[in-house]
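The values are calculated or read from the model by the stated rules, or taken from the named source; none is laboratory data. The model shown is predicted, which means the values in this text are computed figures rather than measured ones. All Cβ positions, glycine included, derive from the backbone under ideal geometry; neighbour counts span all protein chains shown. Heavy atoms of the whole protein, side chains included, go into the accessibility calculation; ligands, DNA and RNA do not. Shrake-Rupley method; radii C 1.70, N 1.55, O 1.52, S 1.80 Å.
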Amino acid sequence: MAPLRRRLAVLSLASAFALAASACSSGSGSSESAGPTTVKFWSMPYWIGQDTKVKALVDEFNASQSKVKVELTLLEWKDGRDKIKQAIAAGKGPDVWLMNNGLELDYLKSGALAPLDKLGYTSADTDKFLPLAKVDEYDGKAYGAPLYFDVDVMLYRTDILQQYGFSAPPKTWDELKSTAATISTKSAEAGKKVSGWQFKGMDDHLNAINSTWESFLCQAGGSLTTPDFKTSTQNTEAGRTAMDYMKSFYTDKVSPTGTSALNGFISGDVAMFPFFQSVIANVQAGGDKVAGKWAVAPMPAGPKSGCSMVGGHSLVASSASKNLNGAGTFMRWLASPERSAQYMDFHAIFPYDLAKVDPAVKATVDGKVKADPNWNAIFEQLSRNTPDLLLQDRHAFQARWDAQKANIVAGVNGQAPVDKALKSIDDLVGQALGKE
C-alpha cells in the first residue's frame, strides 16, 4: 500500500471505530446478557494442509458450551486480509479475526484492536506465553493472543548430503557455502546437477524473499530500522555483508535463479533451503519422494548470530465489538495451550512456556517432540530469536515488503548493484516511515 493509501487507511479505521464505539456504548450490556452471545470470526485456513480444520474447531467450540456462539467466515489467503480491513473500515467487520504475529500498525494506531485485558485475559493468562509474545504488544499492552509461532529454519536432504560425503548439515555460513558448492559441482560433473542450496523467494514464491532476507540480515548483525522505528537501516555494512553473501551463490553458479526451492527439494533437485518450519507440511505432501530422506536443522550462523525471521499468527478482537466478553471467551479457547498443542500437528510452534501450562498439556507437547526429532532443531532455532526484528517490521511493513521483493532479488541475481538495491529499499521505506 502506498504511503498515502496507508494514511487514508489509518484515518478510515480510526473514524470507523470511533463511530462504532459511540453507537454501541449504551447497548453493549444488554447485548452481552440477552441469550447466547454471537461472535463473528473471520479467518484464513491457518491449519496448513487441511482447510476444513478451522471450521471443525469452531464447531467444537460451539458444541462445548451454550453462552457464546461463533459464526465463522472462512476467507482465502490471497485477499483475506484486505477483505477484513475493508469491512472494518466500513463498520461491518468481524468481532475476532486472524492477524500475523507482530500485528499491523494501522490497526494499533487507530485504536481498532481491543487489548487482551479488556477481553478477560489476566496476567496469569498472558504470563504463560513465551517471551516472543512481545511481538503482539504496543505501548505496553498486549493486543494479540498468539496461536503459534513460525521461525525460519534450514531443511536439508539427508540422502543428498550423504551421497556427497556430508554426515551432518552445515552450521555456519562458510560451511553452508562450501557444502552447497560441493554438491552443485560434483553433481554437475556426474551428469545431473543438483543445486546445493536455494534461497526461498528467488523462485516461484517471491513473497518468501522477505523472511529469507530478514533472516540473513539478522545473522549479519543488521536491523530493519533504528530503535525509534523512524529510519530504515538496510544500506549498512551488515546489509551489504548479507546481500554479498547471498549474491555469491548465483555469481559462483551454486544456485540457479528461478529454481523452486520447495518443488526442487521434493524432486531431489535442491539439497537445502530455508523457510518457516511450517513448510514441513508441504514437504511431507511429497510422499514417497521425500519419505526418510530429509530433516530440519537450525539456520547456519552468520558473522554475528544464528537468528532468523519470526512469523506465525494471532487472534485479535475489535475494540468496537458489542461482544467483548464473548470474543475473549472464544479467543482464550482457540488460542489455549490445549489447542496450540494440536497445531503442532502441522508443525506450528507451541507459543506457551511449558513450565507454566497444565501437566497434561506439557505431556502432549513432550510426546509430539519425542515422536519427531525435527522439533529439537526447531526449538533450538526458536531460542535464538528475539521479538526485535518483527517489532521493527511492523513499521512501514507493506512498503518494506514490496521494496524488498523488487530490490533483494535484483541485488542478489546481479540485476542491480548491491549498494543501489539496498539504498532503494531505504529510500522507499524511509518515505513510508516518514508518514507514520
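Values for this structure:
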quantity: 12 Å Cα-Cα reach of residue 134 towards aspartates and glutamates, excluding residues that sit fewer than 8 places from it in its own chain; calculated: 388
quantity: Percent of alpha-carbon pairs separated by more than 39 Å within the chain; calculated: 22 percent
quantity: Length added when fully stretched, residue 295-residue 427, from 0.36 nm per residue minus Cα-Cα; calculated: 43.6 nm
quantity: Accessible area (Å², per residue) of the chain, counting only protein heavy atoms and a probe of 1.4 Å; calculated: 41 Å²
quantity: Antiparallel DSSP beta bridges within the chain, as percent of all bridges there, nearest 5; calculated: 70 percent
quantity: Whole-Hz couplings from phi, Karplus 6.51/-1.76/1.60, listed for region 300-313; x for Gly and Pro; calculated: x, 6, x, x, 10, 6, x, 5, 7, 5, 10, x, x, 9
quantity: Volume of the Cα convex hull of region 157-242, divided per residue and given in Å³; calculated: 116 Å³
quantity: With all protein chains modelled, accessible area of residue 75 [1.4 Å, Å²]; calculated: 20 Å²
quantity: 5 angstrom amide H check on residue 276, placed H, neighbours 5+ away; calculated: 153
quantity: Above-threshold pairs, the threshold being 22 Å between Cα atoms, out of 109/230; 78/368; 200/293; 177/304; 192/253; calculated: 78/368
quantity: Helix runs (DSSP H) in the chain reaching 30 Å along axis by Cα, Kyte-Doolittle at least 0.5; calculated: 3-24
quantity: Spatially proximal lysines relative to residue 420 (Cα-Cα < 19 Å; intrachain offsets below 8 disregarded); calculated: 247, 405
quantity: Long-range Cα-Cα pairs in region 24-142 (distance over 22 Å), rounded percent; calculated: 46 percent
quantity: By average C-beta atoms within 10 angstrom, highest first, the peptides 50-60, 99-109, 145-155; calculated: 145-155, 99-109, 50-60
quantity: Packing rank of 158-168, 133-143, where each peptide gets the mean count of other beta carbons within 10 Å, highest leading; calculated: 133-143, 158-168
quantity: Simple Cβ-charge dipole of the chain, Lys/Arg +1 and Asp/Glu -1, about Cα centre, in debye nearest 20; calculated: 480 debye
quantity: Helical mean residue ellipticity (222 nm; -39500 (n - 2.57) per DSSP H run of 4+; nearest 500) of the chain; calculated: -14000 deg cm²/dmol
quantity: Rounded accessible area of residue 331 (nearest 10 Å², 1.4 Å probe); calculated: 0 Å²
quantity: Scattering profile of region 230-387 at q = 0.09, 0.13, 0.17, 0.20 Å⁻¹ [log10 I(q)/I(0), Debye over alpha-carbon scatterers]; calculated: -0.44, -0.85, -1.17, -1.34
quantity: Rounded percent of accessible protein surface that carbon and sulfur make up, the chain, 1.4 Å probe; calculated: 52 percent
quantity: Region 101-145: C-alpha gyration tensor shape, a/c 1.5 cut-off, then a/b vs b/c; calculated: oblate
quantity: Approximate shape of region 310-392 as ellipsoid semi-axes (Cα gyration tensor, √5λ), whole Å, largest first; calculated: 26, 18, 10
quantity: Around residue 319: net Lys/Arg minus Asp/Glu count, Cβ-Cβ under 13 Å; calculated: +2
quantity: Solvent-accessible ranking of 128, 304, largest area first, probe 1.4 Å; calculated: 304, 128
